[in-house]
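Notes to accompany the following structure.
The values are calculated or read from the model by the stated rules, or taken from the named source; none is laboratory data. In this text, all values refer to a predicted model and were calculated from it rather than measured experimentally. Here the Cβ positions follow ideal geometry from the backbone for every residue, glycine too, while neighbour counts run over all protein chains shown. Protein only, heavy atoms only, side chains kept; ligands, DNA and RNA dropped before computing areas. Shrake-Rupley method; radii C 1.70, N 1.55, O 1.52, S 1.80 Å.
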Amino acid sequence: MANAFYRIKEGEFVRQLETQSITKVIAQESPTEPQKFFVVAINANTEIAYVMRHGRSDEPRTWRLDNLARFLRKNGVASFETLFEA
């Protein structure tokens, strides 16, 4: 499990993808917004996890799954895990 968890903006998230620092991407359903997902990325080498946040606030950004998949594909992600809220 990750030792640290950071909220980062979209630009930094994309930079992490481009440098291949991210080794795993997870779409986690929001507990307060059904069918909206947070994107979580993990760097297994450093045991750091990242969640994309809104540009103007520190709140995690939520996505519809189709829009998130489109964003990830555009940025070179070939696969990601999806976790639904229990």
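Kindly provide the set of residues from region 1-26 that are part of a strand (DSSP E or B) and either open to solvent by 80 Å² or more (accessible area, probe 1.4 Å) or modelled with pLDDT of 90 or more (or both), ordered by number.
Looking only at region 1-26, we keep the residues that are part of a strand (DSSP E or B), and these are 4-8, 24-26.
Phe5, Tyr6, Arg7, Ile8, Lys24, Val25, Ile26, listed by residue number.
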In region 27-44, residues that are open to solvent by 30 Å² or more (accessible area, probe 1.4 Å) and without any contact (Cβ under 8 Å) to a residue 24 or more places away in the chain total 2
Selection from region 38-74 of residues more than 12 Å from Val25 (Cα to Cα) and in a loop (DSSP other than H, G, I, E, B) yields Asn45, Thr46, Glu47, His54, Gly55, Arg56, Ser57, Asp58, Glu59, Arg61, Thr62, Arg64
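Inside region 75-86, can you point out the residues that are of a type outside the set (Phe, Trp, Tyr), in a loop (DSSP other than H, G, I, E, B) and surrounded by 12 or more Cβ atoms within 10 Å (Cβ to Cβ)?
To start, the set of residues in region 75-86 that are of a type outside the set (Phe, Trp, Tyr) comprises 75-79, 81-83, 85-86.
Filter again for in a loop (DSSP other than H, G, I, E, B), leaving 75-79, 85-86.
Result: Asn75, Val77, Glu85.
Does Ala69 satisfy the condition of being modelled with pLDDT under 95, open to solvent by 30 Å² or more (accessible area, probe 1.4 Å) and not basic (Lys, Arg)?
Numbers: modelled with pLDDT under 95: no; open to solvent by 30 Å² or more (accessible area, probe 1.4 Å): yes; not basic (Lys, Arg): yes.
No, not satisfied.
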